[in-house]
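See structure below.
Here, each number is a calculation from the coordinates, and none is a lab measurement. None of the values given here were measured: they were computed from a predicted structure. Note that each Cβ is placed from the backbone with ideal geometry, even for glycine, and that neighbours are counted across all protein chains shown.
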């Protein structure tokens with residue numbers, strides 16, 4: 001099977017100043033094309049380290065994809081290094097030059113300096129990949145049966161090159177097998193209990209079908225994977241096992257597609273021609289953020305009231321001052337009032353309201369850090385749930401959001417049963 005390595009370049013990646021999203025996205029695209037990603041390597045802006053990474057990855061992989069270090073400043077050393085690595089010399093590529101001029105003159109409407117023009121210089125041993133989204137061209141090299149592709153570190157520019165040129169061109173150089181994944185999402189059951197529940201199926205899987213457990217924020221995804229050159233046969237075999245897997249976990253099954261909870265909830269609402277809103281305290285709008293990352297979310301999501309303070313809860317959601325003072329913001333009574341206030345203000349069919357203590361401070365003896373109250377419902381009924389999380393502020397927030405969305409999902413389904 002054709003294998004690839006991904007090398008990301010930049011000191012900012014190693015010190016955590018910039019999160020490497022490039023290699024994750026690239027790995028997904030390569031996998032879809034039938035290319036196995038062998039390794040992902042991050043190196044700093046150090047000549048010897050980049051050179052060493054190229055040598056090492058070429059021993060194991062057929063394709064080496066590189067991002068970063070192609071800018072116009074002194075610390076961008078990828079281009080001169082690749083020029084030497086592939087025994088070339090820098091020359092001006094006319095297509096790249098015209099592209100740089102077009103971007104500065106027509107798109108940016110800014111004057112160019114000599115440093116900008118140097119972006120059009122490339123090694124004469126490469127095939128130039130036009131950058132339709134920026135000034136730094138990509139470079140395609142071939143050496144001893146291996147393919148090396150260097151692309152900008154800017155995600156938007158790299159993705160354009162991968163989609164428009166790199167993946168299609170790789171398909172003409174190699175014969176790739178078909179990789180099949182089938183993924184489902186479960187909630188309300190731990191990984192170890194899940195493993196016990198499906199152990200007979202797992203033990204019966206042939207060696208070429210792999211089962212992966214992917215826990216995340218209180219949910220567990222299960223993924224079946226297989227590889228083969230006969231696409232129809234591979235997909236048929238995996239699907240048969242996947243159907244059995246769904247039956248075994250049906251009590252905890254959220255979706256049989258590889259999609260997040262917010263998308264599952266949104267699809268439920270769209271199918272019923274209903275909308276929802278949110279009243280958020282401890283999550284600070286994070287649930288709204290998750291929902292609005294979904295294209296077309298305006299079809300099911302009306303909006304949010306982020307009522308972080310007591311004053312906002314009183315003024316915007318009409319939670320009574322007496323209730324806040326006697327029960328506290330993190331209480332069942334308050335999230336119920338928040339839910340009712342949001343429904344009245346926004347006029348949605350369904351609502352989520354959350355209030356909690358995310359930490360690291362703010363806990364009380366009877367309400368320790370990680371205490372969360374969730375309310376979901378509609379104008380006829382409100383249901384609540386109290387949860388305790390034990391992690392840091394970020395993880396507690398994410399767990400609150402996914403659990404709230406799951407509680408609403410279950411409420412919508414039960415509400416439908418009652419209605420029928």
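Using only the Cα atoms, what convex hull volume per residue in Å³ does the range 146-194 have?
Values: hull volume 9.1 nm³, N = 49.
That works out to 186 Å³ per residue.
Give me the number: length gained by fully extending residue 142 to residue 39, i.e. 0.36 nm times residue separation minus the C-alpha to C-alpha distance, one decimal in nm. Intermediate values should be presented prior to the final figure.
Details: separation 103, 0.36 × 103 = 37.08 nm, distance 1.95 nm.
Gain on stretching residue 142 to residue 39: 35.1 nm.
Could you calculate the contour length gain from residue 75 to residue 174, that is, 0.36 nm times the residue separation minus the distance between their Cα atoms, to one decimal place in nm? Could the numbers behind the result be given before it?
Numbers: separation 99, 0.36 × 99 = 35.64 nm, distance 3.42 nm.
Once the chain is fully extended between residue 75 and residue 174, it gains 32.2 nm.
What share of the DSSP beta bridges in the range 275-384 is antiparallel, in percent to the nearest 5?
Numbers: 10 of 20 bridges.
The antiparallel proportion sits near 50 percent.
Across 5 Å bins from the origin, how do the percents of Cα pairs in the range 182-255 run, short distances first?
3, 16, 31, 24, 15, 8, 3, 0
Tally the DSSP beta bridges in the chain and give the antiparallel ones as a percent, rounded to 5. It would help to have the intermediate numbers written out before the result.
Details: 44 of 71 bridges.
The antiparallel proportion sits near 60 percent.
If each residue's Cβ is checked for other Cβ atoms within 10 Å, how do 176, 242 rank with the fewest at the top? The partial results should precede the final answer.
Details: 176 17, 242 20.
Going from sparsest to densest Cβ surroundings: 176, 242.
In the P(r) worked out for the range 3-173, what percent of Cα pairs fall beyond 26 Å? If you can, show how the numbers build up before the last one.
Working: 3399 of 14535 pairs.
Cα-Cα pairs of the range 3-173 separated by over 26 Å account for 23 percent.
Find how much the distance from residue 17 to residue 233 grows on full extension, using 0.36 nm per residue of separation minus their present alpha carbon separation; answer in nm with one decimal.
Working: separation 216, 0.36 × 216 = 77.76 nm, distance 4.54 nm.
Taking residue 17 through residue 233 to full extension adds about 73.2 nm, to one decimal.
What's the FRET efficiency of residue 271 with residue 251 using the Cβ-Cβ distance as r and R₀ = 25 Å, to the nearest 0.05? Intermediate values should be presented prior to the final figure.
Working: r = 22 Å, r/R0 = 0.87.
The value I calculate is 0.70.
Which order do peptides 134-141, 232-239 fall in by mean Cβ count within 10 Å, highest first? Before the final figure, lay out each step's value.
Numbers: 134-141: 24.0, 232-239: 14.8.
Put in order of decreasing packing, that is 134-141, 232-239.
Can you grab the distance from the C-alpha centre of the range 235-302 to the C-alpha centre of the range 37-77, Å, no decimals?
38
Cα gyration tensor of the range 229-335, axes a ≥ b ≥ c as square roots of the eigenvalues: rounded (a/c below 1.5), prolate (a/b > b/c) or oblate? Please report the intermediate quantities before stating the final value.
On the way: a/c = 3.73, a/b = 2.51, b/c = 1.49.
Verdict is prolate for the range 229-335.
What Kirkwood hydrodynamic radius do you get for the chain when you take the inverse of the mean 1/r over all pairs of distinct Cα atoms, in Å?
Values: mean 1/r = 0.0400 Å⁻¹.
Every distinct Cα pair counted, the radius reaches 25.0 Å.
Can you pull the one-decimal nm distance between simple spin-label points at residue 106 and residue 197, each 7 Å off the Cα toward Cβ?
Output for this residue pair reads 5.7 nm.
I'd like the FRET efficiency for residue 51 and residue 223, computed as 1/(1 + (r/R0)^6) with the beta carbon distance as r and R0 of 41 Å, rounded to 0.05. Each step should come with its number before you reach the end.
On the way: r = 36 Å, r/R0 = 0.89.
That gives a FRET efficiency of 0.65.
Can you work out the PRE-style zone for residue 214? Point 7 Å along Cα to Cβ, and I want the residues of the range 225-255 with backbone N under 11 Å.
225
Of all beta bridges DSSP finds with both residues in the range 3-173, what is the antiparallel percent, to the nearest 5?
If we restrict to bridges inside the range 3-173, about 40 percent are antiparallel.
What is the spin-label model distance, in nm, from residue 205 to residue 114 if the labels are put 7 Å beyond Cα along the C-beta direction?
6.0
What is the distance in Å between the Cα centroid of the range 159-177 and that of the range 88-145?
If we compute the Cα centre of each part, the gap is 20 Å.
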